[in-house]
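The values are calculated or read from the model by the stated rules, or taken from the named source; none is laboratory data. Not measured: the values here are computed from a predicted model. All Cβ positions, even for glycine, are placed from backbone atoms using ideal geometry, and neighbour counts span all protein chains on display. When the accessible area is computed, the model is the full protein with side chains, heavy atoms only, and any ligands, DNA or RNA have been set aside. Shrake-Rupley method; radii C 1.70, N 1.55, O 1.52, S 1.80 Å.
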Amino acid sequence: MSDAPFGALTDASIESATVAIANEAATAALARRLADSIAPGMVIWLSGTLGVGKTTLVRSLLAALGHTARVASPTFTLLEPYELSRFPVYHFDFYRFSAANEWRDAGFDEYFAGTGVCLVEWPELAGPDLPHPDLQVSLDFAADSHTAGTDIDTESPRRVSLLAFSEVGRQCLRAAAGAS
């Protein structure tokens, strides 16, 4: 949604916040706060290591937006679309991409030009031409709460870093951080 080129953003136009989430229930609460501010046409990037909770956050976000059916991870399908009452949501997972612009070769560029909300896991693997986010959400395990290589643990504390690059992104960031 941002009209400014990503490279032209100044530090003054970027807003940031960090939110601690203690468990899956706190992840759902964060998603509910974000859902109230999400607007049609937004692009949201979701970054973090495997098992940190990107898809869990998306599941909670979709539930907060009114989706009641099962939410599948798009790890193998690359895209899971959801037609919701407020707007469509397109959940992408680019983890399996091995070259920049595979998302465009797959025909996904048309989704970013519409009124749907694009939630993108692993955006760093899509190359520099992926539309820039209104909001970037980076999840990480809180210090000393998770040992690399262990089973996925949905109850370990996480740290969520939010970067907003547009006005609608800033509204989401403020909603997420305001009640944390």
Checklist outcome for this item: Cβ pairs under 7 Å, 6+ apart or interchain, first in the stretch 68-89 and of a type in the set (D, E, K, R), second surrounded by fewer than 13 Cβ atoms within 10 Å (Cβ to Cβ) and part of a loop (DSSP other than H, G, I, E, B), ordered by first then second residue, are 80/72
Item to check | Tally, over the stretch 83-96, of residues that are outside any strand (DSSP E or B) and surrounded by 20 or more Cβ atoms within 10 Å (Cβ to Cβ) | outcome: 1
Next on the checklist: Filter the stretch 61-82 down to the residues that are of a type outside the set (A, V, I, L, M) and open to solvent by 20 Å² or more (accessible area, probe 1.4 Å) and list them by number.
Outcome noted: 66, 67, 68, 70, 73, 75, 76, 77, 80, 81
Checklist entry - Give me the pairs: first residue in the stretch 42-59 and assigned to a loop (DSSP other than H, G, I, E, B) and surrounded by fewer than 21 Cβ atoms within 10 Å (Cβ to Cβ), second residue modelled with pLDDT under 95 and not β-branched (Val, Ile, Thr), beta-carbon distance under 7 Å, and six or more apart or on different chains, which are they? => result 48/54; 48/138; 48/139; 48/140
Item to check | Residue among 129, 105 that alone is farther than 20 Å from residue 166 by Cα and surrounded by fewer than 18 Cβ atoms within 10 Å (Cβ to Cβ) | outcome: 105
Item to check | Meets criteria (in contact (Cβ under 8 Å) with a residue 24 or more places away in the chain, among the small types (Gly, Ala, Ser) and open to solvent by 40 Å² or more (accessible area, probe 1.4 Å)) for residue 113 | outcome: no
Checklist outcome for this item: Checked 164, 177 against criteria (in contact with a Leu (Cβ under 8 Å, 6 or more places away or on another chain), within 21 Å of residue 16 (Cβ to Cβ), modelled with pLDDT of 90 or more and surrounded by 15 or more Cβ atoms within 10 Å (Cβ to Cβ)); the one match is 164
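Is it true that residue 148 is modelled with pLDDT under 90, of a type in the set (Gly, Ala, Ser) and open to solvent by 60 Å² or more (accessible area, probe 1.4 Å)?
Criteria met by residue 148.
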